[in-house]
Protein chains: 2
Amino acid sequence: MHRTRFTRSAILAATLAGVIALPLSSSAQSSSRDIQAKAPADNTQAARQAIVGGRARNVILLLGDGMGDSEITIARNYQVGANGRLAMDSLPLTGEYTTYAVQKDDPTLPEYVTDSAASGTGWATGNKTYNGAISVKPNEKPVPTILELAKAAGYRTGDITTSELTDATPAVLASHVVDRGCQGPENMANCPQNAIENGGDGSIAEQMVDTMPDIMMGGGGARFDQAVQAGQYEGLTVRQQAQAKGYNIVDTADELDAANGQKPLLGLFAPVNMDLEWTGPVPTPTGTAPSTCQPNAAYPSTEPHLSEMTSKTLRLLDQQTRSSRKGFFLQVEGASIDKQDHAANPCGQIGETVEFDKSIQLALRYQRNHPDTLVVVTADHGHTSQIVEAGTTTTGVTATLTTHDGADMTISYATAVFPASQQHTGTEVRIAAKGPQAANVLGVTNQTDLFYTFKRALGLN
Amino acid sequence: MHRTRFTRSAILAATLAGVIALPLSSSAQSSSRDIQAKAPADNTQAARQAIVGGRARNVILLLGDGMGDSEITIARNYQVGANGRLAMDSLPLTGEYTTYAVQKDDPTLPEYVTDSAASGTGWATGNKTYNGAISVKPNEKPVPTILELAKAAGYRTGDITTSELTDATPAVLASHVVDRGCQGPENMANCPQNAIENGGDGSIAEQMVDTMPDIMMGGGGARFDQAVQAGQYEGLTVRQQAQAKGYNIVDTADELDAANGQKPLLGLFAPVNMDLEWTGPVPTPTGTAPSTCQPNAAYPSTEPHLSEMTSKTLRLLDQQTRSSRKGFFLQVEGASIDKQDHAANPCGQIGETVEFDKSIQLALRYQRNHPDTLVVVTADHGHTSQIVEAGTTTTGVTATLTTHDGADMTISYATAVFPASQQHTGTEVRIAAKGPQAANVLGVTNQTDLFYTFKRALGLN
């Protein structure tokens, strides 16, 4: 008998701590202990109804970093069972998209394994670029992003993550530098032409503050504590620059709870990445005894969870747009799915996927109440983790988890010698959508197509 | 500059040899050298039109054994380039399905990594069962298959593969044994209760002949040369049993070419598995220099290619049903995608996928001319191969291929120590469809759902 998943009690604890009263019900993820499938109903009519053209008032992109089909299956099996369904599984229209980057030296040649920067530039701008590029073309010239275009057209905008706010995925929406490492004004070694002292637009942190999305949240506080090196804000930290430009800055879950939407909101909840939801066994070359994941007891009470950031952001953006003709564009990233796949940490990876899925659940609930919202759930690239025969070893490291089904699932990490960082993979990845324009994710598309789908949905030129 | 793919010349050679005049055009797979994506057209209206309810006259299932999203991407990148499209990429409605099996000792528990027998029993009968089971439930009782139900209802039926005809995928449609190894009457050690001498229905080969699909083709001739051990056909080989029952047996491509549809047709083109389309580099722990795949010079001229078997089968089934109210059910398996993934043979795997894709192209062309045909393309489980960063090594073996794009693609096999057999994986896999009932593959489904989709399409009870 498998003990109750701990996620609801974790939410309850957060709620009791007065952080945020999350309206999550247990029904949105449907767990199943019955693994014999039943005859399904005919989906034809429901599919027809799911195809909605025309404009969307709002767009919500939920991006699971490194969340390929293998990572989704691992999280589903563990959390709700093989015949259960995650919230992300309920989106009605689905496809796979290609994620390749291009080579910097010769952009007519693909790089079959992308990083989050090139992939993000793809969906954020419609351009294929080189690994490491933040919304610049292979020739290093900046290209407008969907968030910038939406903001210029009068939409409210949000950009939230569990990684540093200046990491690749949130960065591609609101900044343009030639190397993803250039996250703060003291990190500009690889982007001299982007530094303000050289006439550039500054680091990722500085540019994001300049772009000024209505809501930005994540970790990466240390980048914002760096000193601006030149220009109007020289001598201030980026954090002070943000305040000078009008941002309300919050550093804790309590402050987030108290924040209203009267000023732009910048949440910086950790100096680097935000903490992990779950902990669990370390894989080894000879495998592990079956065990289960545990909540991360060291998760700071001052840090909101991704679903809490999502809930607050949706509430504020909804308030801010209630009386306006245009809605919002919001990006929500589950960033550490990727980071824990790199680290060969199965419970780390699964816990982040489950928390990300709770954010999807909130977005889908918003969509039910606001059907003129396009919700897209996808990943930026595939990753290492593979489900192999239970109890077997591979050439890499494996760990075995006892799932919601009460069965053993063995996960292998074998693209690098542990504990070296595991590799991304080049597989096509799932994209799923609901709402106006969702039919554009069907079949096999290119990750750059998503930019055009967003543009069409929001009526941007 | 990448040299011309050799597949068209291989087809031309086959055509000149008088085997079969294949009406393949070069346009069905769209290769692309332009890897910068263009703004796509709005798919909303096309998607609406692709959703067709009601009955299908014909069903064509094309099953790529072990052809997960990673294997599809590898074949696409190599054959048509990262921004090209295989024929299988053109199906308009797509989803992912779960493939898990159940444990024999306790069928309430899943086995997260399936084999082709359990997965095949899933889509062929709608029942989850244990690995190794051929259309029997976990309690070893037989359950009717979609091919048997279709035949009983008056549809013509076909079942073709590149493996032994008695291997798991073709077997699950027309036989019921407790262990997939029981392929011929002299292979019954693991299925005593199924042996005719013990009152059973016989080996897979015997049962397939008894079920009597209108067309069966593949390898596995040696199984049919085994002696029937008891009953009406005792002393005959299974081949002779098939002749006694009325089958026209063909052993070569020429004989296939000459065959007409007046009698049921049994094609046995190789003693074991049919030969491989391509050869190429052997992966090593330190990788390989970039190279390309080559046609298998040892491919016997007497063996038809899968696309030729598909072409002939479609022509015969079409002729046989032209004046009847009911059409046909056909299964086409690309079997050695899986076998060459097991063998860590990248060009073997890709060559089989490309040849399988040509069969898909033929099915789609048939569907265009007969829109009352449901075409489904899917896999039975994921597999080992992963695209990793070009030129890197992993914990397993890698090989680097120069693709249609003229770029290097490195493929890793790391779920077993080479040359031991690589493992299947438990990831959800792609399912794509076109025609009546195709909307039932959207979203996340279970592989057992496909049985019900077929039943609904053919109006079976």
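The values are calculated or read from the model by the stated rules, or taken from the named source; none is laboratory data. This one's a predicted model, so the numbers in the text were calculated from it and none came from an experiment. Reconstructed Cβ throughout: ideal geometry from the backbone, glycine too, with neighbour counts over all protein chains shown.
Here are the numbers:
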| read-out | value |
| --- | --- |
| Every pair of residues 6+ apart whose Cβ atoms lie under 9 Å, when the first sits in region A:304-332 and is of a type in the set (Gly, Ala, Ser) while the second is modelled with pLDDT under 95 and part of a helix (DSSP H, G or I) | A:307/A:11 |
| The listed residue being part of a helix (DSSP H, G or I) and crowded, with 24+ Cβ neighbours inside 10 Å, out of B:319, B:340 | B:340 |
| Members of region A:52-95 that are over 29 Å from residue A:410 (Cβ atoms) and surrounded by 24 or more Cβ atoms within 10 Å (Cβ to Cβ) | A:56, A:58, A:59, A:60, A:61, A:93, A:95 |
| Odd one out for residue A:399, checked against (1) among the aliphatic types (A, V, I, L, M); (2) more than 9 Å from chain B (Cβ to nearest Cβ); (3) under 19 Å from the mean Cα position of the chain (by Cα); (4) under 29 Å from residue B:101 (Cβ atoms) | (3) |
| All strands (runs of 3 or more DSSP E) inside region A:354-405 with 1 or more residues being in contact with an Asp or Glu (Cβ under 8 Å, 6 or more places away or on another chain) | A:373-379, A:397-402 |
| Scan of region A:367-384 for residues that are touching a Phe, Trp or Tyr at 6+ places or on another chain (Cβ under 9 Å) and without any contact (Cβ under 8 Å) to a residue 60 or more places away in the chain, ordered by number | A:384 |
| Residue satisfying all of: in region B:137-177; in contact with a Leu (Cβ under 7 Å, 6 or more places away or on another chain) and small (Gly, Ala, Ser); farthest from residue B:356 (Cα to Cα) among these | B:153 |
| Candidate set: region A:419-444, residues that are facing chain B (nearest Cβ under 8 Å) and over 20 Å from the mean Cα position of the chain (by Cα); chosen: the one surrounded by the fewest Cβ atoms within 10 Å (Cβ to Cβ) | A:443 |
| Complete set of residues in region B:203-218 that are under 17 Å from residue B:311 (Cα atoms) and small (Gly, Ala, Ser) | B:218 |
| Criterion: of a type outside the set (Lys, Arg) and modelled with pLDDT under 95 - qualifying residue of A:461, A:440, A:446 | A:461 |
| Qualifying residue in region B:37-46 (condition: touching a residue at least 12 places away in the same chain (Cβ under 8 Å) and more than 30 Å from residue B:321 (Cβ to Cβ)) | yes |
| Matching residues in region A:88-117 - criterion: being more than 18 Å from residue A:364 (Cα to Cα) and acidic (Asp, Glu) | A:96, A:105, A:106, A:111, A:115 |
